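Engineer: Okay, here's the structure, questions in a sec.
The values are calculated or read from the model by the stated rules, or taken from the named source; none is laboratory data. Quick caveat, the model's predicted, so the values are computed rather than measured. With ideal geometry, Cβ positions are generated from the backbone for all residues, glycine too; neighbour counts draw on all protein chains shown. When the accessible area is computed, the model is the full protein with side chains, heavy atoms only, and any ligands, DNA or RNA have been set aside. Shrake-Rupley method; radii C 1.70, N 1.55, O 1.52, S 1.80 Å.
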Amino acid sequence: MTVLDRIEELQGEALAAIDQAADTAALEELRVRFLGRKAELPNLLRGVAELPPQERGAVGKAANVARKTVEERLQAATERLAQAELDARLAADRVDVTLPGRPVEPTGTLHLLTAVRREIEDVFLGLGFTVMEGPEVDTVHYNFDALNHDPAHPARARTDTFYVRDDVVLRTHTSPMQVRAMEAQPPPIAIIVPGRVYRRDSDATHTPQFHQVEGLWVDEGITLADLKGVLLAFCRAIFGTEREVRLRGHFFPFTEPSVEVDVSCFNCARDGSPCRVCKGTGWLEILGAGMVDPNVLAGVPGGAYDPEQVQGFAFGMGIERIAMLKHGIPDLRLYYDNDLRFLRQFG
Ligand code: DAH
């Protein structure tokens, strides 16, 4: 076989192998095999100088052409297979952005007390009241004095109330915001004040911290009938459209007259059996209320709330109690135990 034939044979072998290579790794091997330092074709080229002079030109040219041909075929095949390999990898690793991500953590529910507070707020917002909040640490002045508490009122005792200092307490009710709100704006005023309150009490029906919603409406010519109408609307919104309310005389330092307010039992009528909820009385006590005592109005600095000019009513309810009645919660402590089996039933 002549050298030229051998060159042609090597070229044919190399091109065929390149065309059949399955991947870029196989092409690398072929590059070494046909064009590497120990490969036959480059060695032929290097050996041209030793050939008889009349053969050198033809052999050198043929070997060069063969090497370039193989190189170009290798280059083209490498580009083609590299692209195919990239496509395959992209297809395999593809992220489908339309798939949902990691399964969503189950969302929590509103705590029952939060849900009921919001429900109460919604009712009063609908009746034209504004929602305000006040400090949980307040002065004896706002918590007791400005609300017309007698200096000897038992609620002032350190056995009943948490004192931070002699003149500062954890508020025992949300009523102090009555006075703070009236100081901040002239009449008419219609607000509710939800919030935490604190008392030194702890048993099955009392927790040292609980929640109230205070209400205050002061304007010219407000009467007890307005109080009753607002509370009737409230009770019907919360406990059902069939409800009635009744007022019973009571005493609070900051209202005169003062009343306790009952809502007609929503459990009795259901099956006619003796009712456990209202203990057969037909009425459930839900809150304290009354007409704002003139002393409280007159005590607002600046005289903006002259009791000869304006009148108003106030009320205060416990959110725990409203939620208990509405949902038949048997034990106050369930609110605070954080047992998910209880909490998940609401909200
Ligand atoms: N502050 C009273 C309490 O904590 C509740 C209350 C009663 C608030 C009558 C009022 C009211 O505004 O008029 O027991």
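Engineer: Name the cysteines of the chain that stand alone by the Cβ rule: no other cysteine Cβ under 4.7 angstrom.
Structural biologist: Lacking a cysteine Cβ partner under 4.7 Å: Cys235.
Engineer: Right, here's the next one. Are there any helices in the chain, counted as whole DSSP H runs, that stretch 30 Å or more along their axis by Cα and score at least -1.0 on average by Kyte-Doolittle, and if so which?
Structural biologist: Correct list, ordered by number: 53-92.
Engineer: Out of Glu29, Glu220, Glu136, any idea which swings most in a Gaussian network model of the chain, alpha carbons joined below 10 Å?
Structural biologist: Glu29
Engineer: For Val32 and Asp145, compute 0.36 nm times the residue count separating them, minus their Cα-Cα distance, and round to one decimal in nm.
Structural biologist: Full-extension gain reported as 30.7 nm.
Engineer: Label Arg56 and Ala92 with points 7 Å out from Cα along Cα→Cβ: what is the distance between them in nm?
Structural biologist: 5.2 nm
Engineer: Sticking with this structure for a sec: Does the range 189-272 come out rounded, prolate or oblate, given a ≥ b ≥ c as the square roots of the eigenvalues of its C-alpha gyration tensor, rounded meaning a/c under 1.5 and, failing that, prolate meaning a/b above b/c?
Structural biologist: Oblate, since a/c reaches 1.5 and b/c is not below a/b.
Engineer: When every alpha-carbon pair in the chain is counted, what percent end up more than 32 Å apart?
Structural biologist: Roughly 55 percent, once rounded to a whole number.
Engineer: Kindly state, to the nearest 0.05, the FRET efficiency for Glu285 paired with Leu224, given R0 = 30 Å and r defined as their beta-carbon distance.
Structural biologist: Taking R0 as 30 Å, the efficiency between Glu285 and Leu224 is 0.95.
Engineer: Can you give me the % of accessible surface on the range 1-95 that is carbon or sulfur? Probe 1.4 Å, all protein chains present, nothing else counted.
Structural biologist: The nonpolar share, carbon plus sulfur, comes to 53 percent.
Engineer: Right, next: Per 0.36 nm of contour for each residue apart, how much would the distance between Ala25 and Gln309 grow if the chain were fully extended, relative to their Cα-Cα spacing?
Structural biologist: Stretched out fully, the Ala25 to Gln309 stretch lengthens by 92.5 nm.
Engineer: Which Cα, out of Thr109, Thr69, Leu86, lies furthest along the positive dipole direction of the range 68-126 (beta carbon charges, K/R +1, D/E -1)?
Structural biologist: Checked the options; the winner is Thr69.
Engineer: In addition: State in Å² the accessible area per residue of the chain; use a 1.4 Å probe, count heavy atoms of protein chains only, and round to the nearest integer.
Structural biologist: Ligands and nucleic acids excluded, the figure is 56 Å² per residue.
Engineer: Also, quick follow-up: Over the range 150-268, with every protein chain in place, what whole percent of the accessible area is carbon and sulfur at 1.4 Å, could you tell me?
Structural biologist: 52 percent
Engineer: Now a separate question. Can you check what the Kirkwood hydrodynamic radius comes to for the range 104-198, Cα pairs only, in Å to one decimal?
Structural biologist: Its Kirkwood hydrodynamic radius stands at 15.2 Å.
Engineer: In whole Hz and in residue order, list the ³J(HN,Hα) couplings for the range 194-205 that follow from phi through the Karplus curve 6.51 cos²θ - 1.76 cosθ + 1.60, θ = phi - 60°; x for Gly and Pro.
Structural biologist: x, x, 7, 9, 9, 9, 7, 9, 7, 7, 4, 10
Engineer: In whole angstrom, note down how far apart the Cα centers of the range 254-316 and the range 129-186 are.
Structural biologist: So the separation of the two Cα centres works out to 19 Å.
Engineer: Where in the range 120-144 does the label zone of His327 land, with the point 7 angstrom along Cα→C-beta and an amide N cut-off under 11 Å?
Structural biologist: In the range 120-144, the label zone of His327 (backbone N under 11 Å from the point 7 Å along Cα→Cβ) covers no residue.
Engineer: Another one. Evaluate the distance, in nm, between pseudo-label points positioned 7 Å from the Cα of Thr107 and of Arg196 along their respective Cα→Cβ axes.
Structural biologist: 2.6 nm
Engineer: Can you show me the helix-derived [θ] at 222 nm for the chain, built from DSSP H runs with n ≥ 4 at -39,500 (n - 2.57) apiece and divided by the number of residues, rounded to the nearest 500.
Structural biologist: Result for the chain: -13000 deg cm²/dmol, rounded to the nearest 500.
Engineer: OK, next. Under a point spin-label approximation (7 Å from Cα along Cα-to-Cβ), what is the Ala16-Tyr163 distance to one decimal in nm?
Structural biologist: With each label placed 7 Å out from Cα toward Cβ, I get 10.9 nm.
Engineer: Counting pairs on different chains as well as pairs 8 or more places apart, how many Lys pairs in the chain have Cα atoms under 21 Å apart?
Structural biologist: For the chain, qualifying lysine pairs total 4.
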